[in-house]
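Enquirer: Got a structure here, written out as structure tokens. Questions coming.
The values are calculated or read from the model by the stated rules, or taken from the named source; none is laboratory data. Predicted model only: the values in this text are computed from it and were never measured. So basically every Cβ, Gly included, is an ideal-geometry build from the backbone, and we count neighbours across all protein chains shown. Remember, those area values only see protein heavy atoms, side chains included, never the ligands or the DNA or RNA. Shrake-Rupley method; radii C 1.70, N 1.55, O 1.52, S 1.80 Å.
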Amino acid sequence: EAEDAIAMYRHRGEPELLAWNLAVLPQAAWLTGRQDDLREAAGEAVRLGEETGDVGSYITGLYALAMAHFVVGEVGEAAAMAERALAEAQQRRSGRFQDGPLLVQLALARLELGELDGAEAAADDAVTVTTSQGAGILECSARLTRAVIMRAAGAAPSDVAAELAEALGRVEETGAATYEPFVHEELGRVGNDDEQLREALRLYHQIGATGHARRLEAELSIRRTP
């Protein structure tokens, strides 16, 4: 749908709407587990946001560019772009609706860089922001991210499971099926529970997250090998 919209808005010459839809592509790649190189599309979204003066699409473009870097493994660039976007959002008073996703992206990039303290701080801020905004779907993503980082930092499994239970509660409240398999995968990892991992795999297939399904299917196949 995003690709159809991009073609339509490009044909119509509607740069603001074109920018918003270009920014969808890296997020879709991340959630489906594909490693598409979408840095050019995200960069175009940033440029269009700058040219039109639309602050919302500009900040969203920066978020998309951070995610595009993250998807292809450029985690240092992803962290730097997320930090830049957060600073721009504060300076330009953009409405701050992007803060939660940006903090999640920053937390994940810092985790990959081995900066656990910074990752924990960004994840805590993401949960605080999304909770205060009443943004249940974004809170689900933030709590899931905090749980991932808690597990990496060696937190008690019961504490990680409690955070994941909160994330699953937001899934049930909002219907945000996109995040449900991610939560079950983390429950499987923190509890060393293959049943939870198999449920995550089923749900990845159900929502069309093909890259994540292939990754987890391969892992489960190896685990079953004597």
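Enquirer: For the subset of segment 13-28 comprising residues that are over 18 Å from the mean Cα position of the chain (by Cα) and part of a helix (DSSP H, G or I), which member is farthest from L138 (Cα to Cα)?
Expert: Step by step, filter segment 13-28, then rank; the result is P15.
Enquirer: Now a separate question. Name the single residue that is nearest to the chain's Cα centre (by Cα) among those in segment 126-158 being under 22 Å from T60 (Cα atoms) and free of Cβ contacts under 8 Å to residues at least 24 places away in the same chain.
Expert: If we take residues in segment 126-158 being under 22 Å from T60 (Cα atoms) and free of Cβ contacts under 8 Å to residues at least 24 places away in the same chain, then V127 is nearest to the chain's Cα centre (by Cα).
Enquirer: I'm trying to understand the selection: among the residues of segment 29-54, which are in a helix (DSSP H, G or I), buried (at least 17 other Cβ atoms within 10 Å of the Cβ) and without any contact (Cβ under 8 Å) to a residue 40 or more places away in the chain?
Expert: Within segment 29-54, R39, A41, A42, E44, A45, V46, L48, G49 qualify.
Enquirer: Any residue that is in contact (Cβ under 8 Å) with a residue 40 or more places away in the chain, crowded, with 18+ Cβ neighbours inside 10 Å and not in a helix (DSSP H, G or I) - is there at least one of those in segment 207-224?
Expert: Yes - at least one qualifying residue is present in segment 207-224.
Enquirer: Here's something else I'd like to know. In segment 178-199, what residues are open to solvent by less than 60 Å² (accessible area, probe 1.4 Å), of a type outside the set (S, T, Y) and closer than 16 Å to T145 by Cα?
Expert: E180, P181, F182, V183, H184, E185, E186, L187, G188, V190
Enquirer: Can L111 be described as buried (at least 24 other Cβ atoms within 10 Å of the Cβ) and not small (G, A, S)?
Expert: no
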